[in-house]
1. Tell me, what ³J(HN,Hα) does each residue in the range 68-78 have, in order and in whole Hz, if you take phi through Karplus 6.51 cos²θ - 1.76 cosθ + 1.60 with θ = phi - 60° and put x for Gly and Pro?
2. Roughly how many Å² of T35 are accessible to a 1.4 Å probe, to the nearest 10?
3. Hey, what's the range 261-352 come to in accessible area per residue, 1.4 Å probe, Å²?
4. Per residue, how big is the convex hull around the C-alpha atoms of the range 138-192? Give it to me in cubic angstrom, could you?
5. Quick query: amide H of C323 versus all other amide H atoms, modeled in the peptide plane; which residues come in under 5 Å with a sequence gap of 5 or more or a different chain?
6. Gain in length, V87 to A199, computed as 0.36 nm per residue apart minus the alpha-carbon separation, to one decimal in nm?
7. Measuring with a 1.4 Å probe in the full set of protein chains, what accessible area per residue, in whole Å², belongs to the range 99-236?
8. What does the C-alpha gyration tensor say about the overall shape of the range 101-169? Classify as rounded when a/c is under 1.5, otherwise prolate if a/b is larger than b/c, or oblate.
Amino acid sequence: MAIPLSRRIFGTFDRTPREAGAAPSDALSGRYDVTLFVAALALVVVGSLLVFSTTGRLAQGVSVADPLYHVKHLALLFSAGALFFVVALKVPMHWIRAAGPILMPVSIALLIGVAVFGSSRFGARRWYDLGFINVQPSEVAKVAFALYLARYMAARRTILNDFLSGILPVGLMYVLPAMLLAIQPDVGSVVLMGALLVAMLVVGGTRVKLLGQSALVLVVGIVILILSQPEKMARFVGWFFPEATRMGEGYQVYQAQILVGSGGLLGSGLGGGVNHMLGYLPQSANDFIFAVAGEELGFVGVCAVVLLYVVIGLRGFAIARMCRDDFMRFAAFSLTLLLVMPAFVHMAVDLG
């Protein structure tokens with residue numbers, strides 16, 4: 001009898017609920033994972049310091065009147081996140097289980113709405129401008145899709161190896177938000193949700209042949225999407241050939257590599273980065289913040305940031321394996337992926 005791919009990769013992840021519940025430190029025991037919390041808090045602190053270093057000086061050439069705008073904006077987001085965190089600790093699990101089917105149509109409605117009423121920036125229409133804050137419905141869609149996948153996998157594990165009744169329905173549920181995201185355009189979210197779908201099929205025990213076919217269809221669809229949008233195609237070319245396109249689409253990646261390389265072993269210290277301070281990396285406060293970490297914290301600091309994300313991933317997967325309930329197990333796994341996958345993608349982009 002062939003060993004499922006999910007068991008080969010994740011070991012005991014696909015045990016039966018009874019077996020998984022045998023661990024004394026089960027995720028249902030009411031204990032909180034201190035290691036996970038400390039790693040997340042450390043990332044908040046490091047991220048805040050890097051954003052302050054990048055945008056907190058007039059020499060940076062910030063495009064707003066208040067040089068502390070980005071820091072204040074980040075503090076607002078962290079405050080909202082802390083509030084949601086405290087509330088989420090008290091939310092009963094059956095509420096979270098019921099949220100998936102509700103959040104999916106809500107997120108689709110929000111994506112449709114942003115295509116009509118959303119504000120445009122950098123050539124994309126992705127945000128609702130609420131005055132004091134911009135809301136990006138794609139983030140709601142990602143969480144909704146992760147919870148939907150968890151509920152779907154938990155309920156249909158016995159038919160995941162059947163294309164028509166197992167793979168096709170969840171694939172169609174992915175296609176609708178993916179099309180709406182492509183219109184914005186937000187190819188990054190399309191790719192992320194597609195990767196999340198494939199990963200969940202892997203841990204759900206889907207056969208390798210079906211996984212390969214599903215992944216092939218996904219890749220072909222994404223390639224067609226990229227080829228149909230010249231600016232996205234140019235960005236991918238710039239990523240693959242940053243030196244050849246350093247005066248065009250590859251400018252950001254090329255400058256990011258210079259920043260990372262200039263940091264050496266220990267970096268120039270927080271606030272000591274010269275290249276980004278002079279404005280050579282315009283998007284250093286968001287998409288290319290990892291490059292700033294390379295310049296100011298050096299190789300040692302970058303490794304520390306990577307390690308924090310690795311800790312979050314490992315602890316999240318460990319919690320998933322300890323859960324007794326299939327839905328909780330899949331939800332913990334999918335939400336952990338939703339945290340760590342974008343981070344490593346951004347790191348990879350910054351490093352070329």
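The values are calculated or read from the model by the stated rules, or taken from the named source; none is laboratory data. Everything numeric here is computed off the predicted structure, so don't read it as measured data. Cβ sites come from the backbone with ideal geometry, for glycine too, and all protein chains shown count toward neighbours. To get the accessible areas, we keep the full protein, side chains included, count just its heavy atoms, and leave off ligands, DNA and RNA. Shrake-Rupley method; radii C 1.70, N 1.55, O 1.52, S 1.80 Å.
1. 9, 4, 5, 5, 5, 4, 5, 4, 5, 5, 5
2. 80
3. Accessible area per residue, the range 261-352: 42 Å².
4. Dividing the Cα hull volume of the range 138-192 by its residue count gives 69 Å³.
5. A27
6. 37.5 nm
7. Working: 6610 Å² over 138 residues.
On a per-residue basis, 48 Å².
8. prolate
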